[in-house]
Amino acid sequence: MAVLSATPGPETRTITVPGVEMIVIGHCLATDALLADGLTAVRVTGKPRQLTEWLGCYSLALLFSDEVTLIADPVGQFPLYVCDVPDGALFGTNATDIAARANARLDRIHIAAGLICPGALEVSDYRTPFHQVKQIPPGHLVRTGYSGRQLEKFDPVEPDKDLTFADAAERLRLSLTAAVSARATETPFMTTDFSGGIDSTSLALLAHGWNHGVKGLTYRSPANPVHDDPVRAENYLRFAPGLRHHWVDGTAEDLPYQDLVPARDDPHVSSIATGPLRARLRLAAELGSAVHLVGEGGDVVLGAPPAYLADLARRGDMGALWRHCVAWARIRQRSPLALARHAVALAATSRRRALLMLAASVGRATVPGEPLWEAEAIGYWDVPQTHWLAKPARAELAAHIHAVADRTFDTMGVGDIVARGQLRTQVLTQRAVRHVGDEFGIAVHAPFLDSEVVRACLSLPAFRRVDPTTPKPLLRTALSGLVPEPVLTRPTKGDYTRSAYLGIRRAAPALRRLLADSAAADHGLINPVPVRATLEGAVQGLPTPWGALNQVFAVEVWLRDVSRKVAGV
């Protein structure tokens, strides 16, 4: 039998009808009455699919007298974990809590993979930072009872080669407007980001259409002046007369690295730079907000990684490949021929071959030079900093990746594979955003990460979602007539790289102390010497692999925090 350990909170509801109890984890926009009716029907039919069809994104736990059924949401926003223990199994929503109860050991392979290749889903394989604790894959179902445990594919998000762009845009229009209207009409006190970017501005304007009490928040900081976003936001206010708009004035304390907050379950870079978010949510709380909307996930689900160019090459559509390479070359000031060569080379590289090459690189501790944009963007993952790993972690990770490669086969396009990896890292970011919201008593929702919104977008193969000459064409088509054209066609995006340099210089003494007494080094995960060199280069303004460096510091603060909670660490 199984014991359910669900972390209580505003994102957890319990519904009980005769014979079964249901715990809803996440943002389910159905009423308790609807949930109870659906659960009663499932008690008779034994088929839980209708329980997953309401608006929002949520996971479910169904507790019958002789069985526990767990259904993980198809996006991965609200994960469920399982851990075998001597007297049965533990299930829950917090991997660290379960690890503490099970006295679990640290999984060095999982943490090392996060340092080197966080987007490689096969390498992670839904492991967690703890050996005994596993995540139920998104869109899967687990049944546990007297007869044992069965894992089943339930309703994952997968590409549909027969889906047309027009059909995907219509599905997006229906699902996104329903997601925003349900929240706006049911929440009298609601705030929303109004950054000036396409995603958050679109959500704010949609919400304002259903609820004129919505308040839009725009962050600006004299310590890090990014003029493009605030200027755009101020211009877009003319499209929402009466919108209750508020400026959020930040300080140098909001820069990255000033307040390193450990992630709750999995170390992730999102814990490095929460200052602007905290400033916005602090004001939202003062304004009495109960729900705050953010545009998280829009970049991932509405666009496609440049690796999709390999899919054009695989299809033999060389005319489209060249047009897209020329457009990307103009945007990035690169050679279109170099982009095309990288795309053709990637098209000829199977996922298995790419993993074997990664395993070899990890084993050799290859020191990369300064990567070209095309080498980073047109690939299965960013150029890895394998030389940062300590020898024990390198040996274990290389062997693991090699074993994974031997059972990996290409089942979808390159762009779709990379997009799934990006979605995983995006939901980790959104979890961190929600945890900050918890501190202020605010539920932070990301409509672009609702189940049906993600399905509408990612069911369309990656190479059909993107046009480098048009920003987010799927959203533009879906919201045409609902959101003003100037918002949907903004050609630029705010660049916050300068804030990283400013923040790392200001926090350099504290970061140096972390690496001087490195918890990750103590656990055989990193060699701090090359990391220190990269840190000093960043302080001097040199080109920096920000994602990899931030993950090191995320691991450092996470290890220190989790060692106080889990005896096995």
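Scanning segment 183-194 for residues that are touching a Phe, Trp or Tyr at 6+ places or on another chain (Cβ under 9 Å) and surrounded by fewer than 24 Cβ atoms within 10 Å (Cβ to Cβ) yields ALA184, THR185. When residues in segment 156-183 are screened for being closer than 15 Å to LEU55 by Cα and at pLDDT below 95, 0 of them pass.
In segment 71-108, how many residues are in a helix (DSSP H, G or I) and either free of Cβ contacts under 8 Å to residues at least 40 places away in the same chain or open to solvent by less than 30 Å² (accessible area, probe 1.4 Å) (or both)? So the answer is 5.
Residue-by-condition table, conditions (1) of a type in the set (Asp, Glu); (2) touching a helix residue (DSSP H, G or I) at 6+ places or on another chain (Cβ under 9 Å); (3) open to solvent by 20 Å² or more (accessible area, probe 1.4 Å):
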position: HIS246; (1), (2), (3): no, yes, yes
position: GLU253; (1), (2), (3): yes, yes, yes
position: PRO276; (1), (2), (3): no, yes, yes
position: GLU296; (1), (2), (3): yes, yes, yes
position: LEU302; (1), (2), (3): no, yes, no
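Here VAL539 fulfils each of the conditions (1) open to solvent by 30 Å² or more (accessible area, probe 1.4 Å); (2) over 20 Å from ALA113 (Cβ atoms); (3) in contact (Cβ under 8 Å) with a residue 12 or more places away in the chain apart from (1). If you go through segment 27-67 and keep only what is open to solvent by less than 10 Å² (accessible area, probe 1.4 Å), under 27 Å from GLY88 (Cα atoms) and part of a strand (DSSP E or B), you end up with SER59, LEU60, ALA61, LEU62. Which of the residues spanning segment 31-49 are of a type outside the set (A, V, I, L, M, F, W, C) and modelled with pLDDT under 90? Residues satisfying the conditions are ARG43, THR45, GLY46, LYS47. On the stretch given as segment 477-521, residues that are crowded, with 17+ Cβ neighbours inside 10 Å, part of a helix (DSSP H, G or I) and either touching a helix residue (DSSP H, G or I) at 6+ places or on another chain (Cβ under 7 Å) or among the hydroxyl-bearing types (Ser, Thr, Tyr) (or both) total 15. Filter segment 136-151 for residues that are open to solvent by 70 Å² or more (accessible area, probe 1.4 Å) and not polar (S, T, N, Q) and give the result. Scanning segment 136-151 gives TYR146, ARG149, LEU151. Confirm whether ARG282 is over 28 Å from LEU172 (Cβ atoms), part of a helix (DSSP H, G or I), modelled with pLDDT of 95 or more and of a type in the set (Lys, Arg). It is true that ARG282 is over 28 Å from LEU172 (Cβ atoms), part of a helix (DSSP H, G or I), modelled with pLDDT of 95 or more and of a type in the set (Lys, Arg). Give the residue that is nearest to VAL261 (Cα to Cα), with candidates limited to residues of segment 397-432 that are open to solvent by less than 10 Å² (accessible area, probe 1.4 Å) and within 11 Å of the chain's Cα centre (by Cα). So the residue we want is GLN430. Just give me the residues in segment 118-146 being farther than 18 Å from PRO267 by Cβ, part of a strand (DSSP E or B) and of a type outside the set (Gly, Ala, Ser), in sequence order. Selection gives HIS140, LEU141, VAL142, ARG143, THR144.
Counted as qualifying within segment 331-380 are the helices (runs of 4 or more DSSP H) with 3 or more residues that are small (Gly, Ala, Ser), open to solvent by less than 40 Å² (accessible area, probe 1.4 Å) and under 21 Å from ILE401 (Cα atoms), namely 351-364.
Among all residues of segment 544-552, there is none that is open to solvent by less than 20 Å² (accessible area, probe 1.4 Å), hydroxyl-bearing (Ser, Thr, Tyr) and in a loop (DSSP other than H, G, I, E, B).
The values are calculated or read from the model by the stated rules, or taken from the named source; none is laboratory data. Just so you know, these numbers come straight off a predicted model, no measurement behind them. Note that each Cβ is placed from the backbone with ideal geometry, even for glycine, and that neighbours are counted across all protein chains shown. Surface accessibility is based on the protein's heavy atoms, side chains included, excluding ligands, DNA and RNA. Shrake-Rupley method; radii C 1.70, N 1.55, O 1.52, S 1.80 Å.
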